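**Student:** Let me give you the structure first, and then I'll get to my questions.
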Amino acid sequence: MNADQRTLYEEVILEHNRHPRHYPKNPQGSTHHARGFNPLCNDEIQVHLKVANDTIEDIGFEGAGCAICMASASMMTEAVHGKPLDEVDRLFHRVHNMLAENAPAEGVGKLRVLEGVHEFPMRVKCATLPWHTLQAALEQHSETVCTEGPSPFCPQPSQPAPPP
Ligand code: FES
């Protein structure tokens, strides 16, 4: 990241953190929901979707996270609002590869500004948490998305007891 890119990165993150879009919000008639949790910092977000006609007709999120998590969630809601599910799936993979694998920031639109996150390994999970939570909501997973994987620090909803 050169100095101009770093300035833009910091400005965009701070602006979205100060004024997160679609937050706090649970759209009326929401159909999908998931919870994401980072047990290293206790930050948690919840993503709510209203899906109809294979399209994300509305989206909102709640909870609290660091500036990068909140900015990533805010930018995510702007990027996927009103988008068909197949387009959202392609965007998820592009953004994830950009953040986690340092893949070229192609086809990600304004989210390109987040590509600098890759330079800060400790923050990659902050930025990807909202996206994994979105994906879990779309796949209707009831388990909490945990940045550290299943662990005692990331309690899951209790499972029904197996039949005797
Ligand atoms: Fe908690 Fe970033 S420090 S999500």
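The values are calculated or read from the model by the stated rules, or taken from the named source; none is laboratory data. A quick note: this is a predicted structure, and the numbers were derived from the prediction, not measured. Here the Cβ positions follow ideal geometry from the backbone for every residue, glycine too, while neighbour counts run over all protein chains shown.
**Student:** From the list A100, A127, pick out the single residue that is at pLDDT 95 or above and not in a loop (DSSP other than H, G, I, E, B). Don't jump to the end; show me each part of the working.
**Tutor:** On the way: A100 fails: at pLDDT 95 or above.
After ruling out the rest, the residue left standing is A127.
**Student:** Also, quick follow-up: Where residues in the range 30-45 are buried (at least 20 other Cβ atoms within 10 Å of the Cβ) and of a type outside the set (F, W, Y), which of them is farthest from the ligand (Cβ to nearest atom)?
**Tutor:** Filtering the range 30-45 for residues buried (at least 20 other Cβ atoms within 10 Å of the Cβ) gives 34-38, 45.
Pick out the ones that are also of a type outside the set (F, W, Y) and you get 34-36, 38, 45.
Details: A34: 16, R35: 13, G36: 9, N38: 4, I45: 8 Å.
Looking at the filtered set, the residue picked out is A34.
**Student:** So, one more: Show the residue pairs that are 6+ apart or on different chains and have beta-carbon atoms under 6 Å apart, the first residue being within the range 84-111 and in contact (Cβ under 8 Å) with a residue 40 or more places away in the chain and under 18 Å from T55 (Cβ atoms), the second being of a type in the set (S, T, N, Q) and surrounded by 13 or more Cβ atoms within 10 Å (Cβ to Cβ).
**Tutor:** F92/Q135
**Student:** While we're looking at this one, here's another question. Select from the range 7-33 the residues that are within 20 Å of A67 (Cα to Cα), outside any loop (DSSP other than H, G, I, E, B) and in contact with a helix residue (DSSP H, G or I) (Cβ under 7 Å, 6 or more places away or on another chain) and list them in ascending order. Talk me through it step by step, then tell me what you get.
**Tutor:** So the first thing to find is which residues in the range 7-33 are within 20 Å of A67 (Cα to Cα), and the list is 7-25.
Among the residues that remain, those that are also outside any loop (DSSP other than H, G, I, E, B) are: 7-18.
Answer for the range 7-33, where residues must be within 20 Å of A67 (Cα to Cα), outside any loop (DSSP other than H, G, I, E, B) and in contact with a helix residue (DSSP H, G or I) (Cβ under 7 Å, 6 or more places away or on another chain): L8, Y9, V12, I13, L14, H16, N17.
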